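Single-structure report; data block below.
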There are 4 protein chains.
Amino acid sequence: MNTLGKHIRLTSYGESHGAVIGAVLDGFPAGFKLDKSFIQNQLGRRKPGQSDIVTPRRESDEVIVNSGVFEGFTTGAPIHFQIQNNNAQPKDYSHLKEVYRPSHADYTYEVRYGHRDYRGGGRSSARITAGWVAGGALVQDYLAQKKGIEISAYVKQIQKVKLDTPARFYSIEEVDTNIVRCPNNEIAEQMITVIKQAQDNQDSLGGIIECVITGVPAGLGNPVFDKLNATLGHAMLSINAVKGFELGGGFEMTHKRGSEVNDAFEMKDGKPYTKTNFSGGIQGGISNGMDIVFRVAFKPTATIGSTQATINRDGESVSLKATGRHDPCVVPRAVPIVETLAALVLGDFTI
Amino acid sequence: MNTLGKHIRLTSYGESHGAVIGAVLDGFPAGFKLDKSFIQNQLGRRKPGQSDIVTPRRESDEVIVNSGVFEGFTTGAPIHFQIQNNNAQPKDYSHLKEVYRPSHADYTYEVRYGHRDYRGGGRSSARITAGWVAGGALVQDYLAQKKGIEISAYVKQIQKVKLDTPARFYSIEEVDTNIVRCPNNEIAEQMITVIKQAQDNQDSLGGIIECVITGVPAGLGNPVFDKLNATLGHAMLSINAVKGFELGGGFEMTHKRGSEVNDAFEMKDGKPYTKTNFSGGIQGGISNGMDIVFRVAFKPTATIGSTQATINRDGESVSLKATGRHDPCVVPRAVPIVETLAALVLGDFTI
Amino acid sequence: MNTLGKHIRLTSYGESHGAVIGAVLDGFPAGFKLDKSFIQNQLGRRKPGQSDIVTPRRESDEVIVNSGVFEGFTTGAPIHFQIQNNNAQPKDYSHLKEVYRPSHADYTYEVRYGHRDYRGGGRSSARITAGWVAGGALVQDYLAQKKGIEISAYVKQIQKVKLDTPARFYSIEEVDTNIVRCPNNEIAEQMITVIKQAQDNQDSLGGIIECVITGVPAGLGNPVFDKLNATLGHAMLSINAVKGFELGGGFEMTHKRGSEVNDAFEMKDGKPYTKTNFSGGIQGGISNGMDIVFRVAFKPTATIGSTQATINRDGESVSLKATGRHDPCVVPRAVPIVETLAALVLGDFTI
Amino acid sequence: MNTLGKHIRLTSYGESHGAVIGAVLDGFPAGFKLDKSFIQNQLGRRKPGQSDIVTPRRESDEVIVNSGVFEGFTTGAPIHFQIQNNNAQPKDYSHLKEVYRPSHADYTYEVRYGHRDYRGGGRSSARITAGWVAGGALVQDYLAQKKGIEISAYVKQIQKVKLDTPARFYSIEEVDTNIVRCPNNEIAEQMITVIKQAQDNQDSLGGIIECVITGVPAGLGNPVFDKLNATLGHAMLSINAVKGFELGGGFEMTHKRGSEVNDAFEMKDGKPYTKTNFSGGIQGGISNGMDIVFRVAFKPTATIGSTQATINRDGESVSLKATGRHDPCVVPRAVPIVETLAALVLGDFTI
């Protein structure tokens, strides 16, 4: 369904071209000062039109918080976040009514629901993640302020351009020094270049986001079916266009021998820590106090400008060419989505 | 917690060296003939001592089903599966009481719970997956008999030895033609060789299991937070030693352009199908009728025979050397675990 | 938390004097024509100011539905209902900031949350049930249109004035022939009289609502912890001011012998039915095809006009006298709340 | 389904005449010394054959705990309770195969599941509550030892014989001074007399259990759909034969005016308390620190020795006469069921 979490629960609603999108955050503690600027900043990092490598669709994505907060502080009651869809104009989407776009959810929603809102993807659009980001940003802020847990994601790879340094925590400021959100300006330049090339070629690219969570106390996570890594994976695999998730050493570890990747314990400042962190900060589903490190793989945007063959509802072959403008690569805009979903998961085990 | 699923719910209990391990399967439909031989076969594929590339620990893993079945047919009441731990002998495990084994869950369980069953990993041991397999095998059998949905997994890669052919469905019989469960005897031989080498070197290996689910109707899955892929990922990431999950094109797709990996729709036998299957059978979180294809990455077994440095509960440096015998590579035994967890997930959306 | 149901899930938000109240209904089937007039009618039966035996607070309670519906039909996506609080004026509620009103939730919210919205009860106000009614009314309409299940509640008792006829189904029209919602005008007159007397005496009354659900197929309900009666009871006990719930023969049955109240099976129109219905249509937690009959006990409204002794946050004795106008008896306005919550529960087992 | 609770979760399995009944308790804290004698004592209070006013069926109801406990202390892993059915003899139950007993669940299970275990009620039998009592007793012991929360229930009424004194806490010892579990020996004698009369007349009786929970801190409970009273009601309405639940003043309050039943706050020992307790210790769904008081109505046992008319599966009229021996009144044996379910609910909000 449309709810994530067990203790801190985010319920999402809305469609790409409906009047509004929103979310209800339940289970959030009382007495926390809601900092709207932090939330709005994360929404700004996600919103369309923020740079010339993303879709130029214009949305202000101003969030309204109209329950669960009193005199500036949360009350423990459900918090409602609402964002207006300014772009919900009476544009003609009838060309999408009948056609099944390749690698989109048009066909599967049609089978699953019969009656579907086809305007710009409707419920299956990544636009609805704005509601997730709003709710998750509040939790992210809480974790940082109250628990010393900081979450930061960055672009690790765009197509074949890769940041090939070990995972480490970068502040949001460090990540945002460039529009592609890779905390190395040289690599970032190359990423921007390949994205622009894809854009020029009416094509699209995917990539990898790496997320590092620091300040996590040891002991978070519930075996055996609410493991911290499984719950993080579940959340990340809920993001549009995500095709893979890996923790710590990930798929690369399959090429190694145990003696190469076992994380030996040592003491540091009177606390156990591990010399290496192939475990990605989680062992047996429970945090071990090291940085949590995971990566999320995004496929290339399904919407491309070049002509594609597909079928319509009657099973007839048709050709399709995306009009309008769209993201050549969603990865830079997905950075705050990864962070805020991670915050929701961590919050679920912490708060 | 210890329950997987919303409609078909498996609740697991037991420890590695407790008296029993077991599971309660709730929500399973009434009137299905329970085929114990199918379940026992899956347990046999998971059990220790089945070949000379796995741990020689001896367990018969005979399952007792003592509720929810009447006159051979399920009744809709919860089904209880119980397996005796024959190996629960009064062996001395006191050396594990104080030490934190590298890349095991000793330290994290200690922090999380304080009082822990240290015998052979206790609750964190992969032994408890026997209960999952028992319950999941019943669902796997049901899906095949009643829904025409067949699930089969096989070993895709052991360390650097890889089956480099496109994913396709193989029957359990095809997979089980060799002890490593790779449906290509030549590659399988190489895999067996590297496992034995690791064994000889007191070391361990990891690998990748690929799972293909065929006969899936279009329309399974619930956006946005119960996406079929997210729920599958959650289940797979719950398996011990798993560090990654990818669907369809997975991480490899991040290197491609949209025009290369978009799955064009065509008609086949009067039904939409896609020419390629980079989507892995799931679009927008809902099955599209193509084979579901995913891969699961297993790290090398954490327990190795060579000496490792670590610490004990008092923070003192100690050296550790696994006595007894253990799996040089868990991947072949994990094949039925992947299948049966996938069955539980599919069942959750189907039954 | 703030969500009711497992399959059809209603998530509630909002406060008495916040900007809005609302609800998200998740899991509702696609393709159903949303009849706003039915929903608005139920809201009208709940709203303040509808007659001279209820609070004269003025709220139009117009509901906005702004997601999950496309071209007039539901899409299977979450449906968002929103109602403006017109009465959210900057009135001075500071007298409620410090005082714990007797038999209200002021003290318990203070302890539970620390920071609370004290304006008019905030989150603990019965005003928030407007969101429940909106969502539940859609389900009630669906059950009637698609499943032939009709739900109707009526006032059975106000203080000592009691409708002493056997439970039976009355249409909403029959129930609404008078303002107290008792489907017997003579008894209704007496009820109105005692309510007005209480009003004149600055006092308040409680009463009993009886609900009859007809057209229920046999076989709804899930033993053993999702019994239909337990789930109905849970929902009803969630309504403000409710102190009791009973099914069929209820508490009265404790005075009888088994031979007097066992429901003998007979055949009618080729189907099993019971000669009597002390079971209230549910046996072993599952519907048996007879009318479901239950009763809900409401205590007298806690807010009264006469002076009461109580304490403030500092533990000092204070006297309290409700200013403004309030309900002398909430029971007539609670009728649609009972119906729509019952609809949510039935929907949860049906849809 | 068969799981109660969100944080402390009890999953039940088993049938009346299956090999075993049991329960898995998940979420229970680590490090608590399991006192089997407390659990066994509660099972003894529930078990058949304990006195001459209950069914003489013989069951030892010895519980085995075989997971989640290590060296006598809980580990945080799921705790498995198992009880052998000694009475699962190959007795002939074929007369129950075809007939629908009045006010039993035979018909509804038949419709719901098709294939049912008809032996002694199968899954619908109250025998399965033994598993609940085992798991709940552990929580009850924990609440008393660790939180100072004590739960005690007693028989308030059998048919028309009623203990007409205000609700108050009685220790288990006080309650168990007689076999009917009414803490007033004179009234108890009358209750025993009417039960024996019903027994002699081949008839059965019902009654009311009152439960008082003392030592509850203010602040337990989660509005709006996990109210403490609603969750307690849900649990109680899950017990076989229960037809009603009321909190504090309950149904009786509907006869009163607000000024008569509002609970005025005062200070006592530096803490707010209420002069009266019509609220039953819960306001707005949250505990207020006063004793929690509720009552549960049990209908007369459906199984009676006199001849009853009913139908069989083919819809033919048949007459039925219970052979064997059965409970003339289940209320005395239900006392520990009420207590242990209440413990599970309180534990869910506390632990």
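The values are calculated or read from the model by the stated rules, or taken from the named source; none is laboratory data. All of these numbers come straight from a predicted model, not from anything done at the bench. As a convention, Cβ positions derive from the backbone with ideal geometry for all residues, glycine included, and neighbour counts pool all protein chains shown.
The numbered conditions (1) assigned to a loop (DSSP other than H, G, I, E, B); (2) at the interface with chain C (Cβ under 10 Å from one of its Cβ atoms) are all true for residue D:327 except (2). Here residue C:189 passes the criteria (1) away from chain D (no Cβ under 14 Å); (2) under 16 Å from residue C:336 (Cα atoms) except the one numbered (2). Note on the range D:45-72: among residues that are modelled with pLDDT of 95 or more and surrounded by fewer than 17 Cβ atoms within 10 Å (Cβ to Cβ), the one that is farthest from residue B:114 (Cα to Cα) is D:62.
Residue-level check: of (1) within 12 Å of chain B (Cβ to nearest Cβ); (2) among the basic types (Lys, Arg); (3) over 30 Å from residue C:76 (Cα atoms), residue A:127 misses just (3). Just a yes or no: is a residue in the range C:319-335 closer than 30 Å to residue D:163 by Cβ and not hydrophobic (A, V, I, L, M, F, W, C)? No, that holds for no residue. Tallying residues that are more than 7 Å from chain D (Cβ to nearest Cβ) and touching a Phe, Trp or Tyr at 6+ places or on another chain (Cβ under 7 Å) within the range C:241-259 yields 2. Take the residues in the range D:299-320 that are in a strand (DSSP E or B) and at the interface with chain C (Cβ under 7 Å from one of its Cβ atoms), then tell me which one is surrounded by the fewest Cβ atoms within 10 Å (Cβ to Cβ). Among those residues, the one meeting the criterion is D:309. Screening residue A:11 on (1) touching a residue at least 40 places away in the same chain (Cβ under 8 Å); (2) in contact with a Leu (Cβ under 9 Å, 6 or more places away or on another chain) shows it passes everything except condition (1).
Within the range A:271-281, count every residue that is more than 8 Å from every other protein chain (Cβ to nearest Cβ) and buried (at least 22 other Cβ atoms within 10 Å of the Cβ). Break it down stepwise before answering.
To start, the set of residues in the range A:271-281 that are more than 8 Å from every other protein chain (Cβ to nearest Cβ) comprises A:271, A:273, A:275-277, A:281.
If we keep only those that are buried (at least 22 other Cβ atoms within 10 Å of the Cβ) as well, we get A:281.
Qualifying residue count for the region: 1.
You will find that of D:274, D:301, D:307, D:231, the residue that is closer than 30 Å to residue C:275 by Cα, out of contact with any Gly (no Cβ under 6 Å at 6 or more places or on another chain) and among the polar types (S, T, N, Q) is D:307 and no other.
Just name the residue that is surrounded by the most Cβ atoms within 10 Å (Cβ to Cβ) out of those in the range C:22-44 that are more than 21 Å from residue C:239 (Cα to Cα) and within 14 Å of another protein chain (Cβ to nearest Cβ).
So the first thing to find is which residues in the range C:22-44 are more than 21 Å from residue C:239 (Cα to Cα), and the list is C:27-38.
Right, trim to within 14 Å of another protein chain (Cβ to nearest Cβ) and you get C:27-34.
Details: C:27: 21, C:28: 25, C:29: 16, C:30: 17, C:31: 13, C:32: 21, C:33: 12, C:34: 17.
Restricting to residues being more than 21 Å from residue C:239 (Cα to Cα) and within 14 Å of another protein chain (Cβ to nearest Cβ), the top hit is C:28.
Do we have residue C:150 as out of contact with any Asp or Glu (no Cβ under 8 Å at 6 or more places or on another chain), acidic (Asp, Glu) and more than 13 Å from every other protein chain (Cβ to nearest Cβ) here?
Details: out of contact with any Asp or Glu (no Cβ under 8 Å at 6 or more places or on another chain): yes; acidic (Asp, Glu): yes; more than 13 Å from every other protein chain (Cβ to nearest Cβ): yes.
Answer is yes for this residue.
Residues that are buried (at least 24 other Cβ atoms within 10 Å of the Cβ) and free of Cβ contacts under 8 Å to residues at least 24 places away in the same chain within the range B:109-152 comprise B:109, B:116, listed in sequence order. Applying the criterion of being in contact with a Lys or Arg (Cβ under 9 Å, 6 or more places away or on another chain) and farther than 30 Å from residue C:286 by Cα to the residues of the range C:192-224, the residue that is farthest from the other protein chains (Cβ to nearest Cβ) is C:194. Within the range A:1-21, if we keep just the residues that are over 23 Å from residue A:48 (Cβ atoms) and in contact with a Lys or Arg (Cβ under 7 Å, 6 or more places away or on another chain), the residue that is surrounded by the most Cβ atoms within 10 Å (Cβ to Cβ) turns out to be A:3.
Residues in the range A:108-117: is at least one of a type in the set (Val, Ile, Thr), over 24 Å from the mean Cα position of the chain (by Cα) and more than 13 Å from chain B (Cβ to nearest Cβ)? Break it down into steps so the answer makes sense when it comes.
Taking the range A:108-117 and keeping what is of a type in the set (Val, Ile, Thr), we get A:108, A:111.
Going one step further and asking which of them are over 24 Å from the mean Cα position of the chain (by Cα), we end up with A:111.
Remaining after also requiring more than 13 Å from chain B (Cβ to nearest Cβ): none.
The answer is no, given that none of the residues of the range A:108-117 is of a type in the set (Val, Ile, Thr), over 24 Å from the mean Cα position of the chain (by Cα) and more than 13 Å from chain B (Cβ to nearest Cβ).
Here residue A:292 meets each of (1) within 8 Å of chain B (Cβ to nearest Cβ); (2) of a type in the set (A, V, I, L, M, F, W, C); (3) crowded, with 21+ Cβ neighbours inside 10 Å with one exception, condition (1).
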